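Beneath this line is the structure, given in structure tokens, with notes to follow.
Values in this text are rule-based calculations from the coordinates and carry no lab data. Just so we're clear, the structure is a prediction, and the values are computed from it rather than from any experiment.
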Amino acid sequence: MNENSTNENHAGRDVSVLIGTGGSRSILFGTGVLMALAQSRFGRFRSIGGVSGGSMPASMIASRPDVTWLLNTVLDTDFNKMVKRRVSLVKFLYTVLRDPQPIDPPPLQGALDPADMGQYFNDLIPDWPPHFWTMALSGQKKVIFTRDGILMDREGGGLELASAAPVGVGTAVCATCAVPMLLDPVPWKTDKGDDHLLIDGGFGPEGRCPVSVPEALHALKGSYLIVVNVGPDKSSLHLLIDRVFGIVCDDRHSLREDVEVAEDHSRIVVTPASPLYGSFKFKMTRREKWQMIMSGYMAAVTAFARHGLLSGDNLAQAQERGVKALLLLAARQKPYNQDKLPPELDQIFVDLSFPAEKFAAVERFAADAPVAVAESCQESVPVVEAGRETATEEVVVDLPPVTAETPAA
């Protein structure tokens with residue numbers, strides 16, 4: 001594919017968005033990508049999903065299509081207060097090395113308590129957004145959270161409806177962010193009564209960006225899958241934790257380094273030009289947040305222009321906004337010993353939002369899934385016997401196994 005080419009014929013395609021793992025980098029970089037997407041020409045959203053830190057901006061924009069609100073929320077939110085530190089980093093690493101614990105099953109308590117994070121997202125998003133999904137793991141089985149229930153890998157391939165009712169958004173975010181030993185795993189029970197401990201969705205064989213999930217759940221033919229991949233974390237803290245995981249666990253190497261862009265314009269991968277900060281850097285200044293957001297914004301403007309989603313006046317305006325924001329970030333305000341940002345910076349992206357028609361209803365399952373299955377899943381409800389709730393009838397989504405290397409439909 002010509003890296004400098006644009007294709008106007010693709011501007012009306014529907015899009016699905018997947019924001020991969022990466023902690024605070026995914027939150028901020030993903031926000032920048034959504035800011036660029038809000039200025040692009042496309043049909044409608046088919047799904048908006050995220051894994052680990054990527055689930056946060058994905059759930060927020062799926063619940064409220066105001067991109068300026070999303071921007072201001074991530075700028076004003078202190079990520080460091082979302083989790084409570086139980087032990088110091090040094091004590092945590094010493095304990096892990098002294099008493100190694102397996103990932104499966106994970107230790108019941110991590111170094112950080114995520115209860116406040118779960119409550120924050122339950123309060124912010126009380127109802128599950130129709131287009132939002134996220135994913136955690138039980139062992140190496142995917143557990144996919146959607147508005148219409150919770151799906152899980154079944155033996156022999158495909159997915160089964162493990163729970164007819166969704167959990168709270170906060171619970172799902174905690175599950176997909178539950179890095180073993182760092183954050184508490186999330187307990188979950190299927191409608192059959194099977195107990196599971198859920199961990200970070202990025203620890204599966206597809207790593208940071210499990211593209212098989214939107215490809216399996218939604219009809220992607222004739223659409224774009226936008227994959228936000230912040231790439232490997234080269235910060236000293238993350239490299240140290242990686243080495244500890246490498247000593248304790250055998251499957252840390254399963255994290256993928258990248259996701260290939262399909263040659264038929266069906267998949268757009270947005271990656272940072274260079275890493276700015278580490279995934280576990282939660283205490284950040286407003287300037288540092290802006291820098292990471294603009295890294296995502298400028299990378300997305302380039303990628304969307306290459307694929308024809310941004311062109312003409314829309315592209316010129318998006319580029320002008322980006323350059324203006326970068327120049328203001330580079331400037332220093334008096335007094336120079338204080339890290340003050342120019343007030344004009346907050347006025348550049350004040351009018352960004354997605355029109356309501358971008359969130360029109362779409363098919364839930366891939367085009368090759370039996371229609372009867374989709375109907376059964378939509379109508380699946382718990383059975384009540386003698387005043388108590390029992391397990392629902394098992395519903396199977398009979399899809400072929402999908403790997404990260406499978407091209408989008």
Discussion item. Could you tell me how far the Cα centroid of region 51-113 sits from the Cα centroid of region 310-332, in Å?
Written reply: 31 Å
Fill in: Amide H contacts under 5 Å for ILE48, placed H, 5+ residues apart
VAL17, PHE132, TRP133
Worksheet entry | Other-chain or far-sequence residues with amide H under 5 Å of LEU183's (modelled H) | ALA111, LEU112
Response to the item:
Phi-derived 3J(HN,Hα) across region 212-218 with the Karplus relation (6.51, -1.76, 1.60, θ = phi - 60°), rounded Hz, x for Gly and Pro, is 5, 5, x, 5, 7, 7, 10
